[in-house]
Amino acid sequence: MDDLRRQQMAQKQMQGIAPSPMTPMTRLLEEQPQSHPPQPPSVQMPPPSSTLFGHSVNLASLPSVPSASSSYVPSPMVAEHSGIIPQLQNIVSTVNLGCPLDLKKIALHARNAEYNPKRFAAVIMRIREPRTTALIFSSGKMVCTGAKSEDLSRLAARKYARVIQKLGFPAKFMEFKIQNMVGSCDVKFPIRLEGLVVQHQQFCSYEPELFPGLIYRMVKPRIVLLIFVSGKVVLTGAKERNEIYDAFENIYPILKNFKKT
């Protein structure tokens, strides 16, 4: 019997205790309206500001910086193209004829050839088409200069080799190589060479008492530029045509910054 009572009491405790009857005091408290504590008046805070060099800066008015997760893509820098193509003026090439040569015999029997060993130790030979000049040495090496393109330089060198063959020498055409290209162009505006040599003194040399042009030695590509106050530019030292084009595209924005106004 006692065990039954204990089980009933435990069940009542688990189900919860019944609410006690409402007293008059609690009824009075419930009927009264609940009063809320007074709220302090709202104060409008000014936007955050900071002081920079003694001046107040409104931080709220500054543009927000995009986060790394946002889809912000910086606008790419557009390279300014000059629209000017340098013209090739001279190409210097070398070729090996592959046999020793008798320069006196060449000078006596060949047309348009001159040989003065006291002045220069090579035969100077010229042809009209393409209009070029060749320096022919007794070792069989030859230098061809004056052509306006790579193909014309090769054609001229082959013509000189053919002349040597007709004189009885077993000449061949070997190891043709372009050694130097010279180009020129005009930027169509005058240039302040004094300002250019000050800003780029590690690349420039300018002595107007000795030479009127500024000498600019570009590192990449390895080109030497002669820049004149009139806007004319001469580029030399290239072994390929693209090196001249790339060098001018690199120097054009610099020249535009030093344009005379």
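Values for this structure:
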| read-out | value |
| --- | --- |
| Residue check, K188 surrounded by 13 or more Cβ atoms within 10 Å (Cβ to Cβ), part of a loop (DSSP other than H, G, I, E, B) and among the basic types (K, R) | no |
| Flag for E249 being of a type in the set (D, E, K, R) and touching a His at 6+ places or on another chain (Cβ under 8 Å) | yes |
| Hits in segment 147-185 (condition: in a loop (DSSP other than H, G, I, E, B) and open to solvent by less than 80 Å² (accessible area, probe 1.4 Å)) | S149, L167, G168, F169, A171, F173 |
| Positions within segment 165-198 being without any contact (Cβ under 8 Å) to a residue 24 or more places away in the chain and of a type in the set (S, T, N, Q), in sequence order | Q165 |
| Matching residues, segment 210-236, being of a type in the set (A, V, I, L, M) and not in a strand (DSSP E or B) | L210, V219, V229 |
| Subset of segment 112-136 [open to solvent by 60 Å² or more (accessible area, probe 1.4 Å) and assigned to a loop (DSSP other than H, G, I, E, B)] | N112, Y115, N116, P117, K118, R119, F120, A121, R128, E129, R131 |
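The values are calculated or read from the model by the stated rules, or taken from the named source; none is laboratory data. The structure displayed is predicted, hence computed values, not measured ones. All Cβ positions, even for glycine, are placed from backbone atoms using ideal geometry, and neighbour counts span all protein chains on display. Keep in mind that these areas ignore ligands, DNA and RNA; they rest on the heavy atoms of the full protein, side chains included. Shrake-Rupley method; radii C 1.70, N 1.55, O 1.52, S 1.80 Å.
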